[in-house]
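Beneath this line is the structure, given in structure tokens, with notes to follow.
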Amino acid sequence: MVCRAALARPSPIYRQAARADKSAVAAINRALRLVATSLREMYWAQGPCPYTHFKPRCQNGRIEASQKNSVFFPKEIAERGYTQVIIQAQQVKKIYRNGQLRVEALKDINMEVAPGEMVAIMGPSGCGKTTLLNCLSGLDAIDEGNIFIQGDNLRDLSDRERTTYRAQHMGFIFQDFNLLPVLSAVENVELPMLVSRTPSRKARKRALEMLELVGLSDRARHRPSELSGGQRQRVTIARALTNEPAIVWADEPTGNLDSETAQDILDLLCRLNRENGQTFVVVTHDLSVGKLANRILTMRDGQIVDSALIHDMIPG
């Protein structure tokens with residue numbers, strides 16, 4: 001097995017290449033990043049692991065492992081054994097401009113989320129909850145600061161690279177479902193995989209598996225108009241899980257549902273978080289939703305004003 005100590009040893013061959021050819025340095029760095037990614041994926045199912053932020057890099061003819069993106073957790077999290085982060089925001093600012101009008105939607109946001117944690121972002125309407133989710137997920141660009149996802153700085157990625165990154169590592173659950181009305185449930189679920197050039201048979205098999213996971217295998221051929229609100233949200237959840245995402249972002253996932261259906265959806269999300277170890281970040285205005293999370297981040301006027309532990313996790 002490749003380990004950090006092995007990668008940290010000096011390499012005479014590499015040292016010679018580093019001196020002779022910068023392109024060789026870049027090529028070896030790319031290979032090292034692939035090794036780090038493979039290690040993260042290999043150990044992901046086991047929860048938090050020492051490779052979450054492992055980023056080996058060539059410097060002065062020596063392969064070194066950097067942990068410089070590690071951060072301190074809030075005290076109540078650190079005391080429970082968490083030493084890794086999957087989401088980290090540092091001094092993040094987001095500014096909207098319209099002519100002379102300047103609105104600072106996010107102000108010096110600092111936050112960390114542990115692998116496998118479910119975090120709820122709460123606050124009054126217009127406080128910046130959805131803006132924060134969009135920035136953390138790379139849907140919106142930020143004006144200042146840095147956002148690290150699994151140790152990768154989103155500001156270092158181009159628009160196309162961020163799009164590819166989202167498709168491979170993230171899932172999204174929207175309040176308005178965003179299902180195509182002319183497609184059946186299974187076709188909606190498999191569509192992102194087909195866009196990513198997954199073979200059609202493999203995409204269809206995976207889509208049916210996800211629909212079975214959310215309890216909708218008997219509605220696979222039905223179009224959205226033939227489904228209830230709760231069933232449509234289940235299709236959305238199935239679609240979000242097709243790529244086995246490390247992080248699932250949910251923006252008001254129960255906002256358009258009645259209380260009974262909303263509870264069913266929340267029970268499903270909690271079960272998926274618990275059984276799959278996936279990280280969930282949920283934007284909500286509903287305290288009953290927030291209380292199901294491990295932690296609630298409260299926002300006001302574009303700032304996080306409180307972080308409260310609700311349910312503890314079992315450190316990996």
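Results for (1) in contact (Cβ under 8 Å) with a residue 24 or more places away in the chain; (2) more than 25 Å from residue 159 (Cβ to Cβ); (3) out of contact with any Lys or Arg (no Cβ under 7 Å at 6 or more places or on another chain), shown as yes or no for each residue.
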position: 88; (1), (2), (3): yes, no, yes
position: 91; (1), (2), (3): yes, no, yes
position: 95; (1), (2), (3): yes, no, no
position: 102; (1), (2), (3): no, no, yes
position: 111; (1), (2), (3): yes, no, yes
position: 130; (1), (2), (3): yes, no, yes
position: 135; (1), (2), (3): yes, no, no
position: 143; (1), (2), (3): yes, no, no
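Among the residues of the range 282-291, what is the count of those that are buried (at least 16 other Cβ atoms within 10 Å of the Cβ) and either more than 15 Å from residue 136 (Cβ to Cβ) or hydroxyl-bearing (Ser, Thr, Tyr) (or both)?
First, pick out the residues of the range 282-291 that are buried (at least 16 other Cβ atoms within 10 Å of the Cβ): 282-284, 286, 289-290.
From the residues that got through so far, the ones that are either more than 15 Å from residue 136 (Cβ to Cβ) or hydroxyl-bearing (Ser, Thr, Tyr) (or both) too are 284, 286, 289-290.
Summing the residues that are buried (at least 16 other Cβ atoms within 10 Å of the Cβ) and either more than 15 Å from residue 136 (Cβ to Cβ) or hydroxyl-bearing (Ser, Thr, Tyr) (or both) in the range 282-291 gives 4.
Which of the helices (runs of 4 or more DSSP H) contained wholly in the range 208-314 include at least 3 residues that are closer than 26 Å to residue 168 by Cα and among the hydrophobic types (A, V, I, L, M, F, W, C)? Can you show your working first?
Details: elements: 229-241, 259-276, 287-290.
Counting at least 3 such residues, we get 229-241, 259-276.
Return the residues of the range 221-235 that are closer than 13 Å to residue 211 by Cβ and out of contact with any Pro (no Cβ under 8 Å at 6 or more places or on another chain); say none if nothing qualifies.
221, 222, 227, 231, 234
If only one of 298, 279 is surrounded by 17 or more Cβ atoms within 10 Å (Cβ to Cβ), among the polar types (S, T, N, Q) and over 22 Å from residue 192 (Cβ atoms), which one is it? Steps first, please.
On the way: 279 fails: over 22 Å from residue 192 (Cβ atoms).
So the residue among 298, 279 that is surrounded by 17 or more Cβ atoms within 10 Å (Cβ to Cβ), among the polar types (S, T, N, Q) and over 22 Å from residue 192 (Cβ atoms) is 298.
Applying the selection to the range 87-105, what residues are within 25 Å of residue 278 (Cβ to Cβ) and aliphatic (A, V, I, L, M)? It would help to see each step written out before you state the result.
From the range 87-105, those within 25 Å of residue 278 (Cβ to Cβ) are 87-90, 92; that's our starting set.
87, 89, 92 - these are the residues of the range 87-105 that are within 25 Å of residue 278 (Cβ to Cβ) and aliphatic (A, V, I, L, M).
Given (1) in contact with a strand residue (DSSP E or B) (Cβ under 7 Å, 6 or more places away or on another chain); (2) part of a strand (DSSP E or B), identify the lone condition not met by residue 97.
That leaves (1) as the condition not met.
Please state which of the following conditions residue 262 fails to meet, knowing it meets all the rest: (1) modelled with pLDDT under 90; (2) closer than 27 Å to residue 112 by Cβ.
(2)
Taking the conditions exactly as written (modelled with pLDDT under 90, more than 19 Å from the chain's Cα centre (by Cα) and surrounded by 15 or more Cβ atoms within 10 Å (Cβ to Cβ)), does residue 257 satisfy them or not? Outline the logic, then answer.
Numbers: modelled with pLDDT under 90: yes; more than 19 Å from the chain's Cα centre (by Cα): yes; surrounded by 15 or more Cβ atoms within 10 Å (Cβ to Cβ): yes.
Yes.
Restricting attention to the range 105-148, which residues are of a type in the set (Asp, Glu) and either outside any loop (DSSP other than H, G, I, E, B) or closer than 23 Å to residue 245 by Cα (or both)?
The answer is 108, 112, 117, 140, 144.
Assess whether residue 266 counts as being buried (at least 18 other Cβ atoms within 10 Å of the Cβ), within 22 Å of residue 124 (Cα to Cα) and touching a Pro at 6+ places or on another chain (Cβ under 9 Å).
Values: buried (at least 18 other Cβ atoms within 10 Å of the Cβ): yes; within 22 Å of residue 124 (Cα to Cα): yes; touching a Pro at 6+ places or on another chain (Cβ under 9 Å): yes.
Yes; evaluated as a whole, the condition is true for this residue.
Which residue, of 144, 190, is among the acidic types (Asp, Glu), modelled with pLDDT of 90 or more and within 23 Å of residue 232 (Cα to Cα)? Steps first, answer last, please.
Values: 144 fails: within 23 Å of residue 232 (Cα to Cα).
Exactly one residue qualifies, and that residue is 190.
Quick one: in the range 149-194, of everything that is part of a helix (DSSP H, G or I) and acidic (Asp, Glu), which residue is nearest to residue 276 (Cα to Cα)? Step through it out loud before you land on a result.
As a first pass, look at the range 149-194 and keep what is part of a helix (DSSP H, G or I): 154-156, 159-169, 185-194.
Among the residues that remain, those that are also acidic (Asp, Glu) are: 156, 159, 161, 187, 190.
On the way: 156: 29, 159: 29, 161: 26, 187: 24, 190: 20 Å.
Of everything passing the filter in the range 149-194, 190 is nearest to residue 276 (Cα to Cα).
Anything in the range 132-168 that is basic (Lys, Arg) and in contact with a Gly (Cβ under 7 Å, 6 or more places away or on another chain)? List them, or say none. Even if it seems obvious, please write down each step before you answer.
Narrowing the range 132-168 to residues basic (Lys, Arg): 155, 160, 162, 166.
Across the range 132-168, the qualifying residues are 162, 166.
Looking only at the range 214-226, decide whether some residue is under 16 Å from the mean Cα position of the chain (by Cα) and surrounded by fewer than 18 Cβ atoms within 10 Å (Cβ to Cβ). Walk me through it before giving the result.
Going through the range 214-226, the residues under 16 Å from the mean Cα position of the chain (by Cα) turn out to be none.
No, the range 214-226 contains no residue that is under 16 Å from the mean Cα position of the chain (by Cα) and surrounded by fewer than 18 Cβ atoms within 10 Å (Cβ to Cβ).
Determine which member of the set 123, 116, 151, 171 is in contact with a helix residue (DSSP H, G or I) (Cβ under 9 Å, 6 or more places away or on another chain) and over 30 Å from residue 230 (Cα atoms). If you could, list the steps in order and put the result at the bottom.
On the way: 123 fails: over 30 Å from residue 230 (Cα atoms); 116 fails: over 30 Å from residue 230 (Cα atoms); 171 fails: over 30 Å from residue 230 (Cα atoms).
Selected residue: 151, the only one of 123, 116, 151, 171 that is in contact with a helix residue (DSSP H, G or I) (Cβ under 9 Å, 6 or more places away or on another chain) and over 30 Å from residue 230 (Cα atoms).
This table checks each residue for (1) hydroxyl-bearing (Ser, Thr, Tyr); (2) touching a residue at least 24 places away in the same chain (Cβ under 8 Å); (3) closer than 25 Å to residue 113 by Cα.
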{"position": "212", "(1), (2), (3)": "no, no, no"}
{"position": "224", "(1), (2), (3)": "no, yes, no"}
{"position": "248", "(1), (2), (3)": "no, yes, yes"}
{"position": "277", "(1), (2), (3)": "no, yes, yes"}
{"position": "287", "(1), (2), (3)": "no, yes, yes"}
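The values are calculated or read from the model by the stated rules, or taken from the named source; none is laboratory data. What you are looking at is a predicted structure, and each value in this text was computed from that prediction instead of being measured. In this analysis, Cβ positions are derived from the backbone assuming ideal geometry, glycine residues included, and neighbour counts consider all displayed protein chains.
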